[in-house]
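The values are calculated or read from the model by the stated rules, or taken from the named source; none is laboratory data. Just so it is clear, the model here is predicted, and its values are computed rather than measured. Here the Cβ positions follow ideal geometry from the backbone for every residue, glycine too, while neighbour counts run over all protein chains shown. Quick note on the areas: whole protein, heavy atoms, side chains included, nothing else; ligands and nucleic acids left out. Shrake-Rupley method; radii C 1.70, N 1.55, O 1.52, S 1.80 Å.
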Amino acid sequence: MSGSIIEWAPIRLAEGKTEADLLAASAKFQKEFLDSQPGFLRRELLRLAEGRYADIVHWRTMADAEAIMAKAPSSPACLAYFATMELNPDNIAEGVEHYHSLAVYG
């Protein structure tokens, strides 16, 4: 996957939400939204610490990664996933970073 784009999206659980809520919404988000997006390669959901997680999404190009942000607010599966997280309602992409993969080993 050298040359691809890696998206790092830190997650904090919203008040009253559990890891089980996050996992259920994540699976729906994957199946009903991400799997059909152009340029989507793969995704991992990580547990960092209590109440903190990260989504790592691999995209073919930066354009593919950017296009998703325009589509997300109109997707019920995205909105349900985002509802499990503490997010800035004025900027749902706040904290999301993108990196260019230079080399892949192993």
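The residues in region 55-95 that are assigned to a loop (DSSP other than H, G, I, E, B), among the hydrophobic types (A, V, I, L, M, F, W, C) and either touching a helix residue (DSSP H, G or I) at 6+ places or on another chain (Cβ under 8 Å) or loosely packed, with under 13 Cβ neighbours inside 10 Å (or both) can be counted, and the count is 3.
I need the full set of residues from region 14-35 which are of a type in the set (A, V, I, L, M) and closer than 13 Å to A80 by Cα, in order please. Listed by number, the residues that qualify are A14, L22, L23, A24, A25, A27.
Scanning region 1-35 for residues that are within 28 Å of L102 (Cα to Cα), at pLDDT 95 or above and exposed (fewer than 15 other Cβ atoms within 10 Å of the Cβ) yields W8, D35. Scanning region 38-54 for residues that are loosely packed, with under 13 Cβ neighbours inside 10 Å and of a type in the set (S, T, Y) turns up nothing. Within region 96-106, the set of residues being open to solvent by 100 Å² or more (accessible area, probe 1.4 Å) and assigned to a loop (DSSP other than H, G, I, E, B) comprises L102, Y105, G106.
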